[in-house]
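Data first, discussion second: the structure below is written as structure tokens.
The values are calculated or read from the model by the stated rules, or taken from the named source; none is laboratory data. Predicted model, so just to flag it, every value in this text is computed and none were measured. Neighbour counts run over all protein chains shown; Cβ positions are idealised from the backbone, glycine included. When the accessible area is computed, the model is the full protein with side chains, heavy atoms only, and any ligands, DNA or RNA have been set aside. Shrake-Rupley method; radii C 1.70, N 1.55, O 1.52, S 1.80 Å.
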Amino acid sequence: MALTELAAQHPSPVPKRCDILRTPRTYVDIQCRVDLAARYKAASQIARVLSEDWCTRELYCPACASDRLTRSKPNNPAVDFECAACNQPFQLKSLRHCKPRKIVDAGYEAMLRAIRTDRTPHLLLLHYSNTGSVQNLLLVPRVFFTESVIEKRRPLGPNARRAGWIGCNILLSAIPPDGKIPMISAGIPVPKGRVREEYSRVIGLAQLPPSLRGWTLDVLCTVRQLGKSEFTLQELYAFEQQLNSLHPNNQNVRAKIRQQLQVLRDIGLIRFGVRGSYRIA
């Protein structure tokens, strides 16, 4: 059943503003207000309106203790929500399908500039059902956006309104599990304390400049590809060619791997064991 049909059959109660401000945030309601869909026909408009309204009512900041996010100013297209307490920016993308390998983003060059100047927002991926309930909500902290996870798309054809324009995709499959923090999973909200703990575990990456962070995350991604909590340096050396393809200007990949393992240790993501062995923290 379409959301517009649901809206006609099951109008949602509209909470008073005073109730929203005074009621303690003790739980997260996963149901969107499907009555809002009655004003729109395009699926993209319905998804935007329902998801933005839900986030305004239910979303909290994973970076601090604030239980509210506010909508950003209209002149900031890359940011949808902000935390008034810690000023962290968030971009929201709504999905009809769960766990895509890549998602479409904005202009390729604009995305690279944002990464290089450390101005990317946190990404929120909201997956909703046909009945308008939030099934999954994934947080990708902004520190996980590097040039390695951005895919350049083909230029628009000569007959397109913006002929020659080049967009990009975000390769979610290239982001390590550490950078994909569930806030809602299979319709069940993850406890806020756990979400904030996972965010705190990786935010040490923000201490690294963007030019270095790319290497660090690429090495972390190869560690995660091993699929185990304990690993050796020799096992990582097997990814030498893969890392060299991502960083063709570096001629000493093995030394760089060792260096980045020290960086990951210093920010608390891995631990050193006996000589040549490591463990995920």
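Structure data summary
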quantity: From phi via Karplus (6.51, -1.76, 1.60), per-residue ³J(HN,Hα) for the range 65-70 in Hz, x at Gly/Pro; calculated: 8, 5, 9, 9, 10, 10
quantity: Cut-off under 5 Å, modelled amide H: who pairs with residue 69 long-range; calculated: 59
quantity: Size of charge dipole - the range 127-281 - debye, nearest 20, with Cβ of Lys, Arg +1 and Asp, Glu -1, no other charges; calculated: 200
quantity: Protein accessible area in the chain, 1.4 Å probe - carbon and sulfur %; calculated: 50
quantity: Greater than 19 Å apart at Cα, pairs in 93/180; 102/180; 99/180; 73/93; calculated: none
quantity: Hz values of 3J(HN,Hα) by residue in the range 95-109 - Karplus curve (6.51, -1.76, 1.60), Gly and Pro given as x; calculated: 10, 8, 10, 8, 6, x, 7, 8, 10, 6, 10, 8, x, 5, 5
quantity: Under-5 Å amide H pairs with residue 95, H placed in peptide plane, nonlocal only; calculated: 126, 127, 128
quantity: Residue-by-residue Karplus 3J(HN,Hα) for the range 52-63, coefficients 6.51, -1.76, 1.60, Hz, glycine and proline x; calculated: 5, 5, 4, 4, 4, 7, 10, 7, 10, 8, x, 8
quantity: Approximate spin-label separation residue 56-residue 206, in nm, with each point projected 7 Å along Cα-to-Cβ; calculated: 2.6
quantity: Förster radius 25 Å - calculated FRET efficiency between residue 238 and residue 112 (Cβ-Cβ, nearest 0.05); calculated: 0.30
quantity: Cβ-derived FRET efficiency at R0 30 Å, residue 160 paired with residue 75, nearest 0.05; calculated: 0.75
quantity: Choice from 106, 37, 160 showing the highest fluctuation, given a GNM over the chain with Cα pairs closer than 10 Å; calculated: 160
quantity: Whichever aspartates and glutamates have a C-alpha closer than 14 Å to that of residue 152, once near sequence neighbours (fewer than 8 apart) are set aside; calculated: 105, 109
quantity: Charge dipole (the chain, unit charges on Cβ, about Cα centre) - positive-most of 199, 177, 250; calculated: 250
quantity: Helix-derived mean residue ellipticity, 222 nm - over the chain, DSSP H n ≥ 4, -39500 (n - 2.57), to 500; calculated: -9500 deg cm²/dmol
quantity: For residue 123, residues with placed amide H under 5 Å, excluding near neighbours; calculated: 91, 140, 142
quantity: Per residue value of the accessible surface for the range 62-185 (all protein chains in place, 1.4 Å probe), Å²; calculated: 51
quantity: Gained length - residue 245 relative to residue 101, 0.36 nm times residue gap less alpha-carbon distance; calculated: 49.8 nm
quantity: Sites residue 226 and residue 190 - FRET efficiency at Förster radius 22 Å, r taken between beta-carbons, to 0.05; calculated: 0.30
